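The values are calculated or read from the model by the stated rules, or taken from the named source; none is laboratory data. The model shown is predicted, which means the values in this text are computed figures rather than measured ones. Don't worry about glycine lacking a Cβ; one is built from the backbone with ideal geometry, like all the others, and counts go over all protein chains shown. Calculation scope for accessible area: heavy atoms of the full protein, side chains included, ligands and nucleic acids excluded. Shrake-Rupley method; radii C 1.70, N 1.55, O 1.52, S 1.80 Å.
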Amino acid sequence: MLAELRKKAQVTIPKDIILKLGLSEGDKLDIFEKDGSICIMPVVVYPKKYLNDLREEIGEVKANIASGKQPVFDSVDALFDKLEEK
């Protein structure tokens, strides 16, 4: 598909690509050059506080696993079996 570079370096992404990727207005796109090609990749941006909270929670879970306080399951079925016991 051809697209035309317009004023202010704007390009319209064809509608069928937008629909195929499930993109909508306001979505963030990473644009970079690689080997002479322009690449556009959809990305998700999370607030720093969310990421910091998530890192803290993961650290707590890792500590609980190391200390034996957090059960570890070999499969999802084993997890559900344990949950059904209660």
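Annotations
- Selection of chymotrypsin sites (Phe, Trp or Tyr not before Pro), segment 44-84, meeting DSSP coil and at most 12 other Cβ within 10 Å: Phe73
- Residue with peak Gaussian network fluctuation, the chain [Cα springs, cutoff 10 Å], from Lys28, Lys20, Lys48: Lys20
- Per residue value of the accessible surface for segment 2-82 (all protein chains in place, 1.4 Å probe), Å²: 95 Å²
- Acute angle (nearest 10 degrees) that the helix 48-67 long axis makes with the longest principal axis of the chain, alpha-carbon atoms: 30 degrees
- Gain on full extension, evaluated as 0.36 nm per residue between Val43 and Phe80 minus their Cα-Cα distance, stands at 10.0 nm.
- Net lengthening on full extension, Gln10/Lys69 (0.36 nm per residue, minus Cα-Cα): 15.8 nm
- Size of electric dipole in the chain: Cβ of Lys, Arg +1 and of Asp, Glu -1, about Cα centre, debye, nearest 20: 560 debye
- Loop-exposed GluC sites (Glu not before Pro) per DSSP, neighbour cap 11 Cβ within 10 angstrom, longest uninterrupted part of the chain: 26-86
- Here the ratio of the Cα radius of gyration of the chain to 2.2 N^0.38 Å is 1.86.
- Here the Karplus curve 6.51 cos²θ - 1.76 cosθ + 1.60, taken at θ = phi - 60°, turns the phi angles of segment 9-14 into couplings of 6, 8, 9, 8, 7, x Hz, with x standing for Gly and Pro.
- Bridging of Lys8 to lysines at a Cα separation below 30 Å is possible for Lys20, Lys28, Lys34, once same-chain residues fewer than 8 apart are set aside.
- Relative contact order computed over the chain (Cα-Cα under 8 Å; 6+ residues apart), in percent: 12 percent
- Nonlocal amide H pairs with Asp27, under 5 Å, H built at 1.01 Å: none
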